[in-house]
1. I need the phi-derived Karplus couplings for the range 400-416: 6.51 cos²θ - 1.76 cosθ + 1.60, θ = phi - 60°, integer Hz, Gly and Pro marked x.
2. Would you please give the residues with an amide H less than 5 Å from that of residue 92, counting only those at least 5 places away or on a separate chain, with H modeled from the backbone geometry?
3. Starting from 0.36 nm per residue, how many nanometres of slack lie between residue 358 and residue 183 once their C-alpha separation is accounted for?
4. Mind running the shape call on the range 268-364? Use the C-alpha gyration tensor, a ≥ b ≥ c as the square roots of the eigenvalues: rounded below 1.5 for a/c, prolate if a/b tops b/c, oblate otherwise.
5. Based on the mean of other Cβ atoms within 10 Å per residue, sort peptides 415-427, 116-128 so the most packed one is first.
6. Explain nothing, just compute: Karplus ³J(HN,Hα) = 6.51 cos²θ - 1.76 cosθ + 1.60, θ = phi - 60°, for every residue of the range 41-48 in order, whole Hz, x for Gly and Pro.
7. Net charge near residue 405: determine it from the other residues with C-beta under 10 Å of the C-beta of residue 405, scoring Lys and Arg +1 and Asp and Glu -1.
8. At 7 Å along the Cα-to-beta-carbon direction for both residue 190 and residue 400, put a label point, then send me their distance in nm to one decimal.
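Read-outs: derived from the displayed coordinates by stated rules, not from any lab. Only a predicted model underlies this, so the values are computations on that prediction, with no experimental measurement involved. In this analysis, Cβ positions are derived from the backbone assuming ideal geometry, glycine residues included, and neighbour counts consider all displayed protein chains.
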Amino acid sequence: MRLERLLALQHPYIHQCQHTGRINQENSLYFLSRYEETGSLARYLHAGVSLPVATIASIALQVAQALQYVHEQNLVHGYLRPENCLVVSPTAVQVSDFYHVFLTREAGIAPSLYTAPEQLQGTILSVSDQYALAVVICQLLACHLNARMIKTDNMQLQRRPVDLPLETILATLPTTIQQTLIRALSPSPAQRFPDILEFAYMLYAALGQGQPSGSLKALSAPGVVPTPPPFPAVQASNSGPLSALSPSSPGRYLGDLPKLRNQPQPSLQDTPSRLPGHTTEVSVVRWAPDGIHLASTGTDRRIMIWFARQRIGTPLGTINGHEATVNALSWSPDGRMLASAAEDASIRLWQIITTPSFQVHAGPGWWGHDGAITALEWSPQGGRLASGGRDQMLRLWDIQGNSQASWQAHSRGGITALAWSGNGQVLATGGADRQIYLWDVSSGARIGHFTAHTDEIRYLRWSPQGRLLASSAGKKDPQIQLWDVQEKRRLIAFSGHKREVVGLFWSADGNWLISVSADRIMRCWNTVQLSGASPGASIAMEGTPLTMDGTAATHLLALGTSDMLVLLQQLQS
């Protein structure tokens, strides 16, 4: 009966077992399936082939979809290896050898690098497959980075990538990818991701691939087959090991991913999710870098932390500490710290721990401004914070709360918005005086000045490439201004909103600027084709938004509304 369940498994990423039976003379089982000439991922690993990052991300997603489907049938693979991840087409892998779980319960399991710790104790869980998949992905990433690592002086990296210890591989990866894999590789099953599809979803985003199309639930269902970049061919020689690969690019280092071009106009998917919890209007929302943790606050002085998966938001906890309305929130680049600033003239840092349980550790308050702090941003490198207030002062702080520099940046009304450039060398500030200034952070010198708005500056957003700056203002000025920072000139004024703009968000490729207004309309502006000034395509929103923040990691918009709700809205191209 158990073997019949193997034959019943039907999924695009499962290599189907076509027949099974017993050889009576030897009392042995046999399994019959189609031969795949290309072989498995093991060929790529042992040949040291460098697969592109997009292909590795797709492999993780395809294998996870297959295993999620199996887990929903109350089955576990229990023996995932590169050898049973078969390359069945130029763009697809299929998982085979699901029979191992039936055999190992009787014969025990042979320990290997892919064996989860609990399996050595005789326990096989669905998260055991997550552990094995994380090991496979680590090895694929090691091959991808091998060309770069081999040039270093670290002799430990001179070995074949497939033979490197996991600790060595993880140490070479960017922080977001490293953290995702470390969680999946946790010795404790309870500390891994709740299911394997969530792990693959987070890894897909961490690898810079944005968000998989379709819902998480749909991704585990048969028939959903995204198309990854083609696998490079691996040539086998007549004698000896596999050769390198047929002519193809070796792939890029993870920190230098190619940008997407000609991306279709973003649109909204389905209706928003409504997250209640605040007792007053929600005036600030900010995404953590991982795109799944969100902070929100309002005039109730409380800061709420949410976990968001797709459009499903779960409250993790509430932070109290400020004695007045919180005006600004900013996450550190590694997502471990949240900074807040308030009308009480204080800045506070909160250490956020989300696993295995939600915890907050509060640091002492920082004081320096004379009056309310209205703008706060963490530097891209994470070593400094910039703050601006109604006292007209721009202040730079280190992470211990020591003031590094300060100067008067605006006149009457003070600073109302600020934003770091991507390289952390320039600060853009906007004020109640309707002016936008650019500052050299190292010297404090003003290096640019833009003026066009007719109300106080509310939002400043740099484009992903760092050349363009978008700005919006208050109730008297619903226009969006687009500036060329390099040439110090205005490119265009986007007109179309009837009320003030409450949020700006760039698409990952910089081709589109998304705006949300108090008129309940979201508009998408093409920043490549600037001929004409016609209104961007509009999308009706639900409720009256007061603030908006978007995340490129998971393509989610978060909106704070006047009716005390946080709305989560899914973006798609």
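1. 8, x, 7, 6, 9, 6, 7, 7, 6, 10, 9, 9, 3, x, x, 8, 10
2. For residue 92, whose amide H was placed from the backbone, there are no distant partners under 5 Å.
3. Values: separation 175, 0.36 × 175 = 63.00 nm, distance 1.53 nm.
Full extension of this stretch gives 61.5 nm more.
4. On the way: a/c = 1.84, a/b = 1.27, b/c = 1.44.
Oblate, since a/c reaches 1.5 and b/c is not below a/b.
5. Working: 415-427: 20.1, 116-128: 17.5.
Ranked by mean Cβ neighbours within 10 Å, highest first: 415-427, 116-128.
6. Taking θ as phi minus 60°, the curve returns 4, 4, 4, 5, 5, 6, 8, x Hz for the range 41-48.
7. Numbers: positive: 384, 395; negative: none.
Around residue 405, the charge tally is +2.
8. Placing both labels 7 Å along Cα→Cβ, they lie 3.8 nm apart.
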